[in-house]
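Structure, as structure tokens:
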Amino acid sequence: MQTFTKVVLFTDRDGRAKFRSEEVPLAEGNPQSMLSQLFRCAGYQLRQSPVGFRSNFHCTPAPQWVFILAGEMQIGLQEGSPRVFRPGEHFYAADLLPPGASFDPKLHGHWSAQRGPHPLVTLFVKDPA
């Protein structure tokens, strides 16, 4: 069976954001056009970030897909290994603040930044959770 690799940014048991990969089955459609099941969404937003943009550490407020449309996006984690996403790439942001926790910028979340010579354009697809 064909699959789609979903890159997930999540909060692990230790409260730190990490990346993992999950396989999404492509079990519908036909051999020329394999499809996943239909997923619901709560809406979408487009964002443009200028050259030089960088956020502080933060948690994702609610689960959402992030698709890179133009430019490059770098995601940094507390453990220090940044990852760069380029046009056509994605990740599913689900690094939520653990229930009952107060945000600690030395423990929780991730930072994001624009990289390269072009503005960053992203599409956020909100999960209805």
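Structure data summary
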| read-out | value |
| --- | --- |
| Sole residue being within 30 Å of R13 (Cβ to Cβ) and more than 11 Å from the chain's Cα centre (by Cα), chosen from G88, G116, G43, G100 | G100 |
| Search result, residues across the range 42-52 that are surrounded by 12 or more Cβ atoms within 10 Å (Cβ to Cβ) and closer than 18 Å to R115 by Cβ | R47, Q48, S49, V51 |
| Answer from S55, S81 - the residue that is in contact with a strand residue (DSSP E or B) (Cβ under 8 Å, 6 or more places away or on another chain), open to solvent by less than 60 Å² (accessible area, probe 1.4 Å) and among the small types (G, A, S) | S55 |
| Some residue of the range 50-65 being over 30 Å from K106 (Cβ atoms) and either within 16 Å of the chain's Cα centre (by Cα) or modelled with pLDDT under 95 (or both) | no |
| Total residues in the range 22-57, condition in contact with a Lys or Arg (Cβ under 7 Å, 6 or more places away or on another chain) and not hydrophobic (A, V, I, L, M, F, W, C) | 3 |
| Flag if A129 is open to solvent by 30 Å² or more (accessible area, probe 1.4 Å), of a type in the set (A, V, I, L, M), under 26 Å from F4 (Cα atoms) and out of contact with any Asp or Glu (no Cβ under 8 Å at 6 or more places or on another chain) | yes |
| Residue count for the range 1-36, restricted to those that are open to solvent by 70 Å² or more (accessible area, probe 1.4 Å) and under 14 Å from the mean Cα position of the chain (by Cα) | 2 |
| Any chance F39 is open to solvent by 70 Å² or more (accessible area, probe 1.4 Å) and farther than 26 Å from M1 by Cα | no |
| Options R40, R115: the member that is under 23 Å from A129 (Cβ atoms), of a type in the set (K, R) and at pLDDT 95 or above | R40 |
| Output for the range 93-109, where each listed residue is crowded, with 19+ Cβ neighbours inside 10 Å, out of contact with any His (no Cβ under 7 Å at 6 or more places or on another chain) and not small (G, A, S) | H108 |
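The values are calculated or read from the model by the stated rules, or taken from the named source; none is laboratory data. Just so it is clear, the structure is predicted and the values come from calculations on it, not from any experiment. So basically every Cβ, Gly included, is an ideal-geometry build from the backbone, and we count neighbours across all protein chains shown. Heads up: the accessible areas ignore ligands, DNA and RNA and are worked out on the full protein's heavy atoms, side chains in. Shrake-Rupley method; radii C 1.70, N 1.55, O 1.52, S 1.80 Å.
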